[in-house]
Every structure is written in structure tokens, then in C-alpha cells.
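Engineer: The structure follows.
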Amino acid sequence: MNADSTLKWSGLESLSGKKIAVRRNFNLGNDWNQIVDTMSLYEINSIEQGFMMLQAKRVEGFAGYDINWDYFLNNSKNFQTSSFKKLPPFGKSEEYVATLKSNPRSEKILTTFDEGFDTICKNGVFETIKAKWLGE
């Protein structure tokens, strides 16, 4: 939201009737999907476009992934982080590695991913990545 927003947050229902930008093809979770019809949604093509619409007050909010939005703002020369405020998290969506069933290499791709992920978890690299990108 813009820093000067007067919205009183009491859960997702607080967004009912509001104009909200969302990144095209992002999954914002089951709770979001249950109330999405109560808002006016504007699908946008980039995080930058969403913040431009928010800054220009064309929308009242910009829903998205906390980590991605923070990373974008912290590395942007066009937006001041202090111009915006975050509402509390309202849910989550699970992410999975996927491949086409018809791909003859599917099993190998998924096995290779799982083995690589296990390796970086065991050797501490995953914690280093989280610290870099998430500030943890």
C-alpha cells in the first residue's frame, strides 16, 4: 500500500471493493483465491509496473510475494521504500519443481533437483543463499 493509505487491516476481507494490482500468473494462495472476486483486480506484467500504478494511486494496493517485492524495492533507483507500507502476510502458496509428464527426462530432472537441494541443505549453502536473499 502507499505509506499514506488509511486502510484498516482486519484480514483479507479488508480489501473488498478495493482496486488491487497483482502480478500476472502469480499464485497468492487459497485464502486469496476465496476472496478475489470481491476486489477490482488489475493484472500487471512486472513488479515495477505494479509499484508505478500504486505510486500513481491508480490502485489501492499491490499484492505479491514479500521477498520478491522487498528485493525489488531495495534495489530500485526509481522508488523509495519509505513511500510504501506492507500489510501482514495473508497466506502462502507452495512452490514445486515441475516437468511435463511426456518429457522422457522428467524423472532424471526431478531426481537431480532433489539431490542438489539435499546437498546444499547439508553443506550449508542453502542457509547462505537464504541469508543473502532474505536477510536471515
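FYI, it's all coordinate maths here, none of it is from the lab. This one's a predicted model, so the numbers in the text were calculated from it and none came from an experiment. Positions of Cβ are generated from backbone atoms using ideal geometry, with glycine treated the same way; all protein chains shown enter the neighbour counts.
Engineer: Exposure proxy check: Asp66, Asp37 ranked by fewest other beta carbons within 10 Å?
Structural biologist: On the way: Asp66 11, Asp37 8.
Placing the least packed residue first, the sequence is Asp37, Asp66.
Engineer: Additional query: Kindly identify the chain as rounded, prolate or oblate by the Cα gyration tensor criterion: order the square roots of the eigenvalues as a ≥ b ≥ c, call it rounded if a/c is under 1.5, otherwise compare a/b with b/c, prolate if a/b is larger, else oblate.
Structural biologist: Working: a/c = 2.29, a/b = 1.65, b/c = 1.39.
It comes out prolate by the Cα gyration axes.
Engineer: Oh, and also: Counting only helical runs of four or more DSSP H residues, what would the 222 nm mean residue ellipticity of the chain come to if each run contributes -39,500 (n - 2.57) and the total is spread over all its residues?
Structural biologist: -11000 deg cm²/dmol
Engineer: How many lysine pairs in the chain, separated by 8 or more positions in sequence or lying on different chains, have Cα atoms less than 13 Å apart?
Structural biologist: Counting lysine pairs in the chain gives 5.
Engineer: Now a separate question. State whether the stretch 96-136 is rounded, prolate or oblate according to the following rule on the C-alpha gyration tensor (a ≥ b ≥ c being the square roots of its eigenvalues): a/c under 1.5 gives rounded; otherwise a/b larger than b/c gives prolate, and the remaining case gives oblate.
Structural biologist: oblate
Engineer: For the stretch 18-75, just say rounded, prolate or oblate: build the C-alpha gyration tensor, square-root its eigenvalues into a ≥ b ≥ c, call rounded for a/c under 1.5, and beyond that prolate if a/b exceeds b/c, oblate if not. It would help to have the intermediate numbers written out before the result.
Structural biologist: Details: a/c = 2.11, a/b = 1.28, b/c = 1.65.
Because a/c hits 1.5 or more and a/b fails to exceed b/c, the stretch 18-75 counts as oblate.
Engineer: Which ordering of Val59, Val125, Val36, Val22 is given by a fewest-first count of other beta-carbon atoms within 10 Å?
Structural biologist: Placing the least packed residue first, the sequence is Val125, Val36, Val22, Val59.
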